[in-house]
Structures are given as structure tokens and as C-alpha cells.
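**Student:** Dumping the structure here so I can ask a few things about it.
The values are calculated or read from the model by the stated rules, or taken from the named source; none is laboratory data. Just so it is clear, the structure is predicted and the values come from calculations on it, not from any experiment. Here the Cβ is made from the backbone with ideal geometry for all residues, glycine too, and neighbour counts use every protein chain on show.
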Amino acid sequence: MDALLELEKPKTMSKEIKGGEFIIHPTSCEDVFIPEEFDEEQLMIKKTCEDFLQTEIYPNLDRIDNQEEGMMSSLMEKAGQLGLLAVSIPEEYGGFGKNFNTSMLVADIIGAGHSFAVALSAHTGIGTLPILYYGNEAQKQKYVPKLGSGEWKACYCLTEPNSGSDANSGQAKAKLNAAGTHYLITGQKMWITNGGFADIFIVFAKIDDDKNLSAFIVEKNFGGITMNPEEHKMGIKGSSTRQVFFNDCPVPIENLLSERENGFKIAVNILNIGRIKLASSCIGSSRKVIDHAINYANERIQFGLPISKFGAIRYKLAEMATRNFAAESAAYRAGQNIDDAYEALVAGGMEPAKAKLKSTEEFAVECAILKVWGSEMLDYIVDEGVQIYGGMGFSAEAPMDRAYRDSRINRIFEGTNEINRMLMIDMLLKRAMKGQLDLMTPAQAVAGELMSIPDFGEEDTSLFAAEKKALQNLKKAGLMIAGAAVQKLMMTLSKEQEILMNIADIIGYVYVAESTLLRVEKLVKQRGEEACSGQIDMMRIYLHGAIDRVGLAGKEALNSFAEGDELSMMLVGLRRFTKTGPFNSKNARQRVAKQLIDANKYCF
């Protein structure tokens, strides 16, 4: 009973929140950041990003996609002049030293910039951060200011033809020369974003017969570097993507990044940041697609009416907006958690660069969730955007063509969504085994609850009581299924990928639905219920959809490993935990769609 009570007891301070514990604790709405709280300076940065897209990117989309010589490099330099490459770089290295959520905001707005967004993200993230977070002082002083200004552009060389998700199996080799002054790197890297114009390469290779990768800072002018022509891709055609070959490339020993064999750790930690930033980028991209879809629906006349008058179209617009709103709510919640963890670590005496990594690592589960939910949200929205445009959606003359093609890579970037789903569960279970997260006590309590008579208690009539109860029950469903799977399958669970992905879906829906509820609850406290009617509708639409999807994922998982009376009992429990009162989602979507159509843009 104590463990069940703990499920209902909100954390009181965001700095106490640990990664992954949302599944066992509710969070107070006062302890989450919502996008409506960005301050004046952050809104100015947002406006700079929007203006840059309007003046430099949108008028040149075809030129960018055609990879006009020098075009992307020049745009990166212009972005650098505006400070867009240095938002999160500390002031001592020429940056602005803004917090993590501000860098998330930049990724969000620039995310609508198609191939340019990919180039900027690769440069500021996986290209720059390994040096900023793992470099020694001399390396930071030499490279970071020029990367922040855009004078030097960066890329990240990890993937090889036979090592993708299994990154540590890479075959690239580094050996010390006879004089002991340089490492000679030999190997092949592929899918290297920004490879065609990068000045700095973050390269991963194994020194001699090491088991683990090491990382190196390689300048293009070191020599021994050749490239294949630009790859022809389904989408993000303006992004430079090359195969890079290192042929005894001489790298000064002082350009070893961090310690020998620390490369895999660098790769993993930098990818955590890349995952949540990719989610932000998807949010900005989808918001732009929604704007296009609303505009077109208001302009396109059929049967004497704008197609925005028809229920099928209004359903699409409302669902697109709802999914974007939900993903955005979760992304900035996690971003603030990372910021709060960083501040607490620095206050406790940790060196800032290490604290940056540690704070993101703490919320690696949330980063993985957001990567999956953001990319799949965008894929849904661009697909529906094409459908709203109808025949014009299939034309390269209309904006949906580029948006549709460009979106698809996001489910592969930063680790495939399948890998990320399995990582969510793997990381949660490892934390539980290390005693960092007590999952088994509440899971056992939920199992015990199945044998008891439900406690109906005194009904809570507060505004969001029903929604909070529903979320609490979804968490119980997740704990029940995950706990039973661990007990039943034990060491073989890691091989049951379908079950792991079912459980990951449950956990992801819980996190995103709860984030949406917390955002709306906080907004209502700030603005009042009437002013937030559209947000309340979207939250309820998303939550009720999440309940149905958790029910389906849970049923699939239980049928995969349980049997007999145990299966029957848990299916009854699943039905209890996914039971909800009636909700007219059609009318709620109609109300949301009306607000979008009247505003002629995404207005939330």
C-alpha cells in the first residue's frame, strides 16, 4: 500500500527529479517548464531564428537542395554571425552561455528549415559538443570559438559500412607513428553529415588492438582524407552526406579527445543530446507543415466550400495540432529537468562540462522517448499534410513534397526508433538493478492490488482529477506488465524485442500524456480555464488516445509471455487500468480545428 501511495505523491522540487522516475512518481505542474514561459531574451532568439529562415532559407530551398557550390557553407557562416551556432557555448569560448532549453528552442525553430536544419544540428551538436564537453582546455581554446562563429564547420565520423547501431564494432584503426608524434588513422566512414564542407572531423577509431573506440579531433588539412561524391538521398537533399576515407591520416597526439578507449562513451553521451534535440527539430518542422495545411484547407474550394469546413479535414488538422502540442510539452519538460540537474551538479562542485554530460545522461530515458515520439509525430503530420493537399500534395511544386521526403530520415537518425525503444527499457532496468530507481516495489504493489477489491474512496471533483487518475492507472499498467515480464522471462527478456517495444510504447505514452496534462494544468492556473479551452481539449484527446494505445500494447505484450490463470488475471487488471469514462473526441477535435482554422495557423 505504501508503494501505491508513493505513485500518487507528487515530487515537490524539480531538482529532486531523477531520470525515468516519472513511471513511479507523479510530478507537480509547478515543477515543469512550459513553452509559454520563455522569457523576453529567449523570445528574441526565437525571432532571430524565424527571421533567418524567412530571409535566408525559404527563398533558397531549391538552391540548397541542388547543393549549389558553397551555398550551405555560406549559410552556416551567416548563422554564425547571428550567434545561432554559439547559443549554448560558454562565454569564455565566444558563445552566449544559454541554458539547455534555449538551445532546444533554437533547434525547434530552425527545425522548419529542411536540409539547413540538419547541417546546423550536426555542426552544433555532434560536431562541436564532443570538444566542448570532453576536450582539454587547449583543445577548447583552439577549436570551440571558431566552431561557434561558423569560421570552421564540423562533422562527426562514427558510422561505418558494417557498424551502425553496433557502433563499437567499428574497424577504423589508429596507430602511433615511429616518432611517437602522430596517430595514423585508416578506415572508412559513411553517412557523414556536413562531410563535404567540414573543416573539423570528430573521428572514432580503435588504437592498435583496443576493444573500445577512441576519439580524435581531425583537421581536414592534416591530409590523408579522401571522399566519395555526395550521396543521392530520398530527402534532405541539400544536406552534404559523404563517405570519408582516412588513409594514414596523421593526427597529432595532442588531438586525442579525452582518454584512450573513451570514444564509445563519448558517442553514447553525445547521442543522448542529439536525440532530444532531434525531437525539438521535428516539433518545429511539424508546426510549419500544420501552418501550410491550415492555409491550404482554408483556400481550397470544393463543392462550393473551403475544405476546412469538412469534418474529415478538421479531424486531420486537430489531430496534427494535438500530437505536436503533446510532443512539445514533453520536450521542454525534459529540457528543464536537464537544466535543473545541471545547476544542482554545479552547485555541488562538479566541473561544468562534466555536469552538462551528467545531467543529460540522467535523463537518457526521456531523450530516447522524445526521439521516437518526435520523429513519429512528424511522419504522421507530413503524411496527413500530403493528404490534405490531395493531388497537389504529390506535386513537387507544393511544399508537402519536400516536407514528406525530409521527414523520413528522423526515424533513423540518432539511433533507429527500434533501437531507442529497446534502450528505454534497458536503461530503466539497469537503473533498477543498480538501486538508482526502485521499480520492483511499486510493480509488486500493483500485482498485489490485482488480488484486492478496488478502493473507490471519496470521489475527487477537481478539474483534472479524472485525467490524473487515468494517468496513475496507466503507470500501474506499465509496472504490472514490465514487472511480470522481468519475472517470467528474466535473462531472456533482452531477446524478446517485440515485448520490449510494447512496454516501451506504454512508457512513452505515459510520459508524453503526463507532460501534456502538466502543461495544461499549469496554463490553466496562469490564464484560467476559459482561456485554455483548446489546450484542454487537446490534452484530453491525446490522453484518451494514449489510453487506447496502452491497452493494445499491453494486451499484445501479455499474450506474448503469460498464460493460463496468470494471463487472465493480468488481462482483467489491464482492462481495469485502461478503463475510462466517455469522452466525445469528435466534438473536441471540432473545437480545436475551429481555433486553428479561424487563426489560419497553428495557434497554440
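**Student:** Taking the stated definitions as given, is residue 143 within 13 Å of residue 217 (Cα to Cα), assigned by TED's automatic domain parsing to the domain that holds residue 274 and in contact with a Pro (Cβ under 9 Å, 6 or more places away or on another chain)? So that I can check it myself, show each step before the final result.
**Tutor:** Numbers: within 13 Å of residue 217 (Cα to Cα): yes; assigned by TED's automatic domain parsing to the domain that holds residue 274: yes; in contact with a Pro (Cβ under 9 Å, 6 or more places away or on another chain): no.
Here the answer is no, as residue 143 does not meet what is asked.
**Student:** Within region 509-549, restricting attention to residues that are surrounded by fewer than 21 Cβ atoms within 10 Å (Cβ to Cβ) and acidic (Asp, Glu), which residue is nearest to residue 370 (Cα to Cα)?
**Tutor:** 548
**Student:** Residue 567 is checked against (1) among the hydrophobic types (A, V, I, L, M, F, W, C); (2) without any contact (Cβ under 8 Å) to a residue 24 or more places away in the chain; (3) more than 30 Å from residue 422 (Cβ to Cβ) and fails just one. What number does that condition carry?
**Tutor:** Unmet for residue 567, out of (1) among the hydrophobic types (A, V, I, L, M, F, W, C); (2) without any contact (Cβ under 8 Å) to a residue 24 or more places away in the chain; (3) more than 30 Å from residue 422 (Cβ to Cβ): (3).
**Student:** Mind checking which pairs have a first residue in region 507-531 that is assigned by TED's automatic domain parsing to the domain that holds residue 482 and a second that is surrounded by fewer than 21 Cβ atoms within 10 Å (Cβ to Cβ) and not hydrophobic (A, V, I, L, M, F, W, C), Cβ under 6 Å, 6 or more apart or different chains?
**Tutor:** Between residues of region 507-531 that are assigned by TED's automatic domain parsing to the domain that holds residue 482 and residues that are surrounded by fewer than 21 Cβ atoms within 10 Å (Cβ to Cβ) and not hydrophobic (A, V, I, L, M, F, W, C), the close pairs are 509/549.
**Student:** Oh, and also: Tell me the residue from 388, 412 that is of a type in the set (Val, Ile, Thr) and buried (at least 17 other Cβ atoms within 10 Å of the Cβ), please.
**Tutor:** Going through 388, 412 in turn, just one is of a type in the set (Val, Ile, Thr) and buried (at least 17 other Cβ atoms within 10 Å of the Cβ): 388.
**Student:** Sticking with this one: With the requirement that a residue be closer than 30 Å to residue 472 by Cα and crowded, with 17+ Cβ neighbours inside 10 Å, what does region 29-70 give you? Steps first, answer last, please.
**Tutor:** Going residue by residue through region 29-70, those that are closer than 30 Å to residue 472 by Cα are 29-38.
The answer is 29, 31, 32, 33, 34, 35, 38.
**Student:** Report yes if residue 494 is modelled with pLDDT under 95 and among the polar types (S, T, N, Q), otherwise no.
**Tutor:** When the stated conditions are applied, residue 494 passes them.
**Student:** Next question. Among the listed residues 119, 86, which satisfies the condition of being assigned to a helix (DSSP H, G or I), of a type in the set (Gly, Ala, Ser) and in the same structural domain as residue 251 (by TED's automatic domain parsing)?
**Tutor:** On the way: 86 fails: assigned to a helix (DSSP H, G or I).
When all the criteria are applied, what remains is 119.
**Student:** Looking at this structure, is residue 383 of a type in the set (Asp, Glu), closer than 24 Å to residue 329 by Cβ, surrounded by fewer than 24 Cβ atoms within 10 Å (Cβ to Cβ) and in contact with a Ser or Thr (Cβ under 6 Å, 6 or more places away or on another chain)?
**Tutor:** On the way: of a type in the set (Asp, Glu): yes; closer than 24 Å to residue 329 by Cβ: yes; surrounded by fewer than 24 Cβ atoms within 10 Å (Cβ to Cβ): yes; in contact with a Ser or Thr (Cβ under 6 Å, 6 or more places away or on another chain): no.
In short, no.
**Student:** Which number in (1) at pLDDT below 90; (2) aromatic (Phe, Trp, Tyr); (3) over 30 Å from residue 535 (Cα atoms) marks the one condition that residue 394 misses?
**Tutor:** (1)
**Student:** Another question about this same structure. Residue 45: modelled with pLDDT of 95 or more, within 21 Å of residue 276 (Cβ to Cβ) and β-branched (Val, Ile, Thr), yes or no? Please lay out each step first, then the result.
**Tutor:** On the way: modelled with pLDDT of 95 or more: yes; within 21 Å of residue 276 (Cβ to Cβ): yes; β-branched (Val, Ile, Thr): yes.
The answer is yes for residue 45.
**Student:** Among the residues of region 71-83, how many are surrounded by fewer than 21 Cβ atoms within 10 Å (Cβ to Cβ) and either aliphatic (A, V, I, L, M) or in contact (Cβ under 8 Å) with a residue 40 or more places away in the chain (or both)? Before you say what the answer is, go through the steps one by one.
**Tutor:** Here is the first cut: in region 71-83, the residues surrounded by fewer than 21 Cβ atoms within 10 Å (Cβ to Cβ) are 71, 73-74, 77-78, 81-83.
Narrowing the set further to residues that are either aliphatic (A, V, I, L, M) or in contact (Cβ under 8 Å) with a residue 40 or more places away in the chain (or both) leaves 71, 73, 77-78, 81-82.
Adding up the residues that qualify gives 6.
**Student:** How many residues are within 13 Å of residue 222 (Cβ to Cβ), buried (at least 19 other Cβ atoms within 10 Å of the Cβ) and among the aliphatic types (A, V, I, L, M) if we restrict to region 235-253?
**Tutor:** At the first step, the residues of region 235-253 found to be within 13 Å of residue 222 (Cβ to Cβ) are 244, 246-253.
Pick out the ones that are also buried (at least 19 other Cβ atoms within 10 Å of the Cβ) and you get 244, 246, 249, 251.
Filter once more, so that each one left must be among the aliphatic types (A, V, I, L, M): 244, 251.
Residues flagged as within 13 Å of residue 222 (Cβ to Cβ), buried (at least 19 other Cβ atoms within 10 Å of the Cβ) and among the aliphatic types (A, V, I, L, M) within region 235-253 amount to 2.
**Student:** Only residues that are touching a Leu at 6+ places or on another chain (Cβ under 9 Å) and in a helix (DSSP H, G or I): list them for region 237-264, please.
**Tutor:** Across region 237-264, the qualifying residues are 253, 263, 264.
**Student:** I'd like to check something: does region 394-407 contain any residue that is surrounded by fewer than 16 Cβ atoms within 10 Å (Cβ to Cβ) and in a helix (DSSP H, G or I)?
**Tutor:** Narrowing region 394-407 to residues surrounded by fewer than 16 Cβ atoms within 10 Å (Cβ to Cβ): 394-397.
Okay, now just the ones that are also in a helix (DSSP H, G or I), so 394.
Scanning region 394-407, I find at least one residue that is surrounded by fewer than 16 Cβ atoms within 10 Å (Cβ to Cβ) and in a helix (DSSP H, G or I), so the answer is yes.
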